[in-house]
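A.B. asks: This is the structure, below, for whatever I ask next.
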Amino acid sequence: LVSAVRKKFDETALLEGVLDPESGEAHIYQVFNVVETPEDEAFELTLADAKKKDKKAKLGESIKIDITPDDFGRIAAQTAKQVIIQRIREAEKNVIFDEFEKKKGTILTGTVQCIEGNTYIVNLGRIEAPLTYREQIPGERFEAKEQIRVYISDVSKTTRGTQIHISRTNSGFLRRLFETEIPEIEDGIIEVMS
């Protein structure tokens, strides 16, 4: 709500949004510090000016002045909606990144979604990842809807969201397969040195 009004005020202005829980009305206040000699008029007032706006104003305290625009409802609703949607998308990206960051270096089972040239698009549940030609075992072929095991070699954040790097040729893939298939390795009786 504050960002909806921010454009009309100085960047340094202290703005505060208050939502009335009873009526649901939103009010925007500009906060001023009451000082003897103002250095920045965007958030400082003299005692004389502060008294004009609030009779209870005292030196060294802050006062709030209601600056809610008349057409605030529609503009605020639009801006708030955009900000909320943007924050939800950012939160989703962060959740997916954190989830797969923990799974880095492990084997996951995914479903081949589609085939684009030499690349398989693998669905890993909440996200899809490309299995590029370089990360495939030579001679191996998969069909759409087929379940395959892939190794999570890396997870990175890009401007378009979380990017999952999967492989079937990474040495970690073979190491993890040995650990899941051979109980002695999983129990630590046998150690894979290289």
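A.B. asks: Tell me the residue from Gly60, Gly24 that is farther than 15 Å from Ala4 by Cβ and either out of contact with any strand residue (DSSP E or B) (no Cβ under 8 Å at 6 or more places or on another chain) or of a type in the set (Ser, Thr, Tyr) (or both), please.
C.D. replies: Gly24
A.B. asks: Quick one: Ala91 ticks every box in (1) over 30 Å from Val5 (Cα atoms); (2) exposed (fewer than 12 other Cβ atoms within 10 Å of the Cβ); (3) not basic (Lys, Arg) except a single one, so which number is it?
C.D. replies: Every listed condition holds for Ala91 apart from (1).
A.B. asks: Residues in segment 46-55: is at least one more than 30 Å from Tyr151 (Cα to Cα), at pLDDT below 85 and in a strand (DSSP E or B)?
C.D. replies: Scanning segment 46-55 turns up no residue that is more than 30 Å from Tyr151 (Cα to Cα), at pLDDT below 85 and in a strand (DSSP E or B).
A.B. asks: Still on this structure: Got at least one residue in segment 27-44 being touching a His at 6+ places or on another chain (Cβ under 8 Å) and within 20 Å of Ile75 (Cα to Cα)?
C.D. replies: Within segment 27-44, not a single residue is touching a His at 6+ places or on another chain (Cβ under 8 Å) and within 20 Å of Ile75 (Cα to Cα).
The values are calculated or read from the model by the stated rules, or taken from the named source; none is laboratory data. Just so it is clear, the structure is predicted and the values come from calculations on it, not from any experiment. With ideal geometry, Cβ positions are generated from the backbone for all residues, glycine too; neighbour counts draw on all protein chains shown.
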